[in-house]
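**Q** Take a look at the following structure, please.
The values are calculated or read from the model by the stated rules, or taken from the named source; none is laboratory data. Bear in mind the structure is a predicted one, so any value in this text is a computation, not a measurement. Neighbour counts run over all protein chains shown; Cβ positions are idealised from the backbone, glycine included. Remember, those area values only see protein heavy atoms, side chains included, never the ligands or the DNA or RNA. Shrake-Rupley method; radii C 1.70, N 1.55, O 1.52, S 1.80 Å.
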Amino acid sequence: MPHSVDFKKIAIVLCEPQIPENIGGTARAMANMGLERLIVVKPKSLAQEKIYPMATAGARHLIDSMEVVDDLKTALKEFNWVVGTTARLGSHRKAMTVENMAAKLISMTGENRVALVFGREDRGLSTEDVRLCHQLVNIRTAGFSSLNLAQAVLLVCYELFKAGSDKPRESTPKLANKFDLEAMYDQLSELLVRIDFINPENPDHWMDNIRRFFTRHPLTARDVKIVRGICRQVDWYTERRFKKMEAKKKD
């Protein structure tokens, strides 16, 4: 059914920010556009004398309530859809425009929690970080693609604000959260290595294709349970076959 945007279900996640002023600038940008939840992953510094002046009085409450966690995987575990920002593009880094991404996310906020992840100032999101994202977004520029972190947050939040000001949109069904998805991927990887479907020398590389496949068909919590149930059944069957073969050898 159509629903209005719920900005409380959208979080901004800063992955290992190095400059505390950028945390303050991010909070200010969020306050400008109506976003309320800020998560900071393993910051280099939380010097309040540098953060608060950039946040200004209007965004001080976001700094006071921000969540600080040790790793990105933990930060994202409750979210149903995760978008990573990237300046680098390529065959494995295909990204949506900010405008298209904003329209898509607004339709998700009725039933899902959404996270927007911004990488380190000097090198952005790593390959491991990108694996935790359902999709990527790229802010188009005239050529020089390196944006200040707080500026990038402001641009993305502005597009979300604009999209949220439009007429109510059809709601996306509730999807599985990242905690359950990552558990499924771990189980799949272990099983596919065991049956020689993927290369055990570099399973993460081969699993990237599987991640992209499931991202094209977003999974609900029930879907994840079905996939994990299939994995358990295949695992049980192969283990039984192995034991029978071993028993025949002894005979």
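**Q** Please specify each residue of segment 207-219 satisfying the condition of being farther than 13 Å from TYR185 by Cα and touching a residue at least 40 places away in the same chain (Cβ under 8 Å).
**A** PRO218
**Q** Residues of segment 208-237 being touching a strand residue (DSSP E or B) at 6+ places or on another chain (Cβ under 9 Å) and assigned to a helix (DSSP H, G or I), which ones?
**A** THR215 - this is the single residue of segment 208-237 that is touching a strand residue (DSSP E or B) at 6+ places or on another chain (Cβ under 9 Å) and assigned to a helix (DSSP H, G or I).
**Q** Can I ask one more? Please find, within segment 1-36, the residue that is farthest from THR74 (Cα to Cα) out of those that are open to solvent by 60 Å² or more (accessible area, probe 1.4 Å) and in a loop (DSSP other than H, G, I, E, B).
**A** MET1
**Q** Name the residues in segment 227-250 that are open to solvent by 80 Å² or more (accessible area, probe 1.4 Å) and either under 21 Å from PHE79 (Cα atoms) or charged (D, E, K, R) (or both), would you?
**A** Selection gives ARG232, GLU239, ARG240, ARG241, LYS243, LYS244, LYS248, LYS249, LYS250.
**Q** How many residues does segment 122-150 contain that are among the polar types (S, T, N, Q) and in contact (Cβ under 8 Å) with a residue 60 or more places away in the chain?
**A** Going through segment 122-150 one residue at a time, the tally reaches 2.
**Q** In addition: Quick one: VAL130 ticks every box in (1) modelled with pLDDT of 90 or more; (2) open to solvent by 20 Å² or more (accessible area, probe 1.4 Å); (3) not in a helix (DSSP H, G or I); (4) not aromatic (Phe, Trp, Tyr) except a single one, so which number is it?
**A** So VAL130 meets the others, but not (3).
**Q** While we're here: With the structure loaded, tell me whether PHE144 is open to solvent by 40 Å² or more (accessible area, probe 1.4 Å), more than 23 Å from GLY34 (Cβ to Cβ), outside any loop (DSSP other than H, G, I, E, B) and among the aromatic types (Phe, Trp, Tyr) or whether it fails that test.
**A** No, not satisfied.
**Q** Looking at GLY119, GLY124, can you tell me which residue is within 20 Å of LYS94 (Cα to Cα), surrounded by 14 or more Cβ atoms within 10 Å (Cβ to Cβ), modelled with pLDDT of 90 or more and in contact with a Leu (Cβ under 6 Å, 6 or more places away or on another chain)?
**A** None of the other options fit; the residue is GLY119.
**Q** Do we have ARG222 as surrounded by fewer than 13 Cβ atoms within 10 Å (Cβ to Cβ), closer than 21 Å to GLU78 by Cα and without any contact (Cβ under 8 Å) to a residue 60 or more places away in the chain here?
**A** Yes: the conditions hold for ARG222.
**Q** Which is open to solvent by less than 30 Å² (accessible area, probe 1.4 Å), assigned to a loop (DSSP other than H, G, I, E, B), in contact (Cβ under 8 Å) with a residue 24 or more places away in the chain and not small (Gly, Ala, Ser), of LEU175, LEU191?
**A** LEU175
**Q** Let me ask something else. In segment 37-83, what count of residues is obtained for those that are of a type outside the set (D, E, K, R), assigned to a loop (DSSP other than H, G, I, E, B) and under 15 Å from the mean Cα position of the chain (by Cα)?
**A** Looking only at that region, the number is 2.
**Q** Mind listing just one residue for me: the one in segment 194-210 that is within 20 Å of ARG232 (Cα to Cα) and open to solvent by less than 40 Å² (accessible area, probe 1.4 Å) and, of those, farthest from the chain's Cα centre (by Cα)?
**A** Among those residues, the one meeting the criterion is ILE198.
**Q** Would you mention how many residues in segment 84-111 are part of a strand (DSSP E or B) and in contact (Cβ under 8 Å) with a residue 12 or more places away in the chain?
**A** 6
**Q** Answer yes if at least one residue in segment 112-121 is free of Cβ contacts under 8 Å to residues at least 40 places away in the same chain, farther than 20 Å from PHE214 by Cα and of a type in the set (Lys, Arg), and no otherwise.
**A** There is no residue in segment 112-121 that is free of Cβ contacts under 8 Å to residues at least 40 places away in the same chain, farther than 20 Å from PHE214 by Cα and of a type in the set (Lys, Arg).
**Q** Still on this structure, I have one more. Could you tell me whether GLU182 is within 20 Å of ASN80 (Cα to Cα) and in contact (Cβ under 8 Å) with a residue 40 or more places away in the chain?
**A** yes
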